[in-house]
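In what follows, a single structure is set out as structure tokens and then discussed.
The values are calculated or read from the model by the stated rules, or taken from the named source; none is laboratory data. In this text, all values refer to a predicted model and were calculated from it rather than measured experimentally. Cβ coordinates were reconstructed from backbone atoms using ideal geometry, including for glycine residues, and neighbour counts include every protein chain displayed.
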Amino acid sequence: MTSASELRSGKGDRDENFPVASWIIHPRHRALILAYYNFVRTADDIADHATLPGDEKLRYLDLLEAELLGKGDTQAEAVSLRNALAERGMAPRHALDVLIAFRMDVTKLRYETWEEVIHYCRYSAMPVGRFMLDVHGEDTSTWAASDALCAGLQINNHLQDCGKDFRELNRVYLPRDALAASGASVEQLGLAQSPPQMLACLQGLAVRNEALLNEGRSLAAEIRDVRLGVDVAVIQAYADRIVRLLKVRDPLRERVHLNKFELLTFSLAGMIGEVGRRAIGRKAISRPGTAHDA
């Protein structure tokens, strides 16, 4: 059996919509975060593999799960994550959750409602945020805002790549009821430009996703770890910019991503905003009577 590593697409952490184990994060956490990312990236690439049959994809995903749980040592990404988690005394729950989503990617090609898409995000995206919070020892009370932000990031990605997902994988994350309400059809995703009905659907979903991202806006402030809070503020800034672009652009006609200048600009804006907010908060707490008056 081929190693799962050999099925990787070549996509790496620098190709994502968000920073993975960025320099903002404390160095002591980066090895574990990268081990988690490599495991997830490998499983994702298996689920998205262009020529691997569905039953083989499921067999590889089962093998990654088995070895993550200690049953074998042939899959490097599973063994590396298993060892990294063991060093921290952490359970593999968030890695096991994402495997559920990748199995769904193999077996489920259409989604009926927004709620079904959110259910998919519960396993494809929310575990990633929960993992990061657990790595930093944050309270589970932060999970609600994290879940909203992570789901919003995932749906941004679904909208950005809707044409590619349909053409290459026959996979459509746009809810059928949203398509029907706009008079759009799945087949229109194969076009080089969105007809008015499809554009209305895509931009309407972007508006709905903007509201979801707003639900996660409190996350940076809820996080105790300063570095993670700043990193989350940067990610939020990226997500906000992308969803604003999706509200006015056609992802079938143009690539809706941030360029290098935008990445730098929104990184700085996110960092400066969060560092400033925390500095103001510390000054307010240090002034007698201020915290009570607030």
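With respect to the stated conditions, ARG88 is at negative phi and either of a type in the set (A, V, I, L, M) or modelled with pLDDT of 95 or more (or both). Does the stretch 244-256 contain at least one residue that is farther than 30 Å from GLY137 by Cα, modelled with pLDDT under 95 and within 17 Å of the chain's Cα centre (by Cα)? The answer is yes; a qualifying residue exists. Flag set for ARG208, criterion: surrounded by fewer than 22 Cβ atoms within 10 Å (Cβ to Cβ), out of contact with any strand residue (DSSP E or B) (no Cβ under 8 Å at 6 or more places or on another chain) and part of a helix (DSSP H, G or I).
Consider SER218 carefully, then state whether it is touching a helix residue (DSSP H, G or I) at 6+ places or on another chain (Cβ under 9 Å), under 25 Å from ASP139 (Cα atoms) and of a type outside the set (A, V, I, L, M). The answer is yes for SER218. Looking across the stretch 32-79 at every residue that is over 19 Å from ARG130 (Cβ atoms) and among the hydroxyl-bearing types (Ser, Thr, Tyr), the one that is nearest to the chain's Cα centre (by Cα) is identified as THR42.
On the basis of being in contact with a helix residue (DSSP H, G or I) (Cβ under 8 Å, 6 or more places away or on another chain), under 23 Å from ILE280 (Cα atoms), assigned by TED's automatic domain parsing to the domain that holds THR140 and not small (Gly, Ala, Ser), does VAL186 make the cut? Here the answer is no, as VAL186 does not meet what is asked. Reported count of residues in the stretch 128-180, each being small (Gly, Ala, Ser) and either surrounded by 23 or more Cβ atoms within 10 Å (Cβ to Cβ) or not in a helix (DSSP H, G or I) (or both), is 6.
Of all the numbered requirements in (1) at pLDDT below 95; (2) within 26 Å of ILE25 (Cβ to Cβ), GLY72 misses one, and that requirement is (2).
Within the stretch 75-95, the set of residues being surrounded by fewer than 17 Cβ atoms within 10 Å (Cβ to Cβ) and closer than 26 Å to ALA50 by Cβ comprises ALA76 only.
Within the stretch 56-65, none of the residues are part of a helix (DSSP H, G or I) and under 25 Å from ILE235 (Cα atoms). Checking each residue of the stretch 185-201 against the condition of being outside any helix (DSSP H, G or I) and crowded, with 23+ Cβ neighbours inside 10 Å gives no match.
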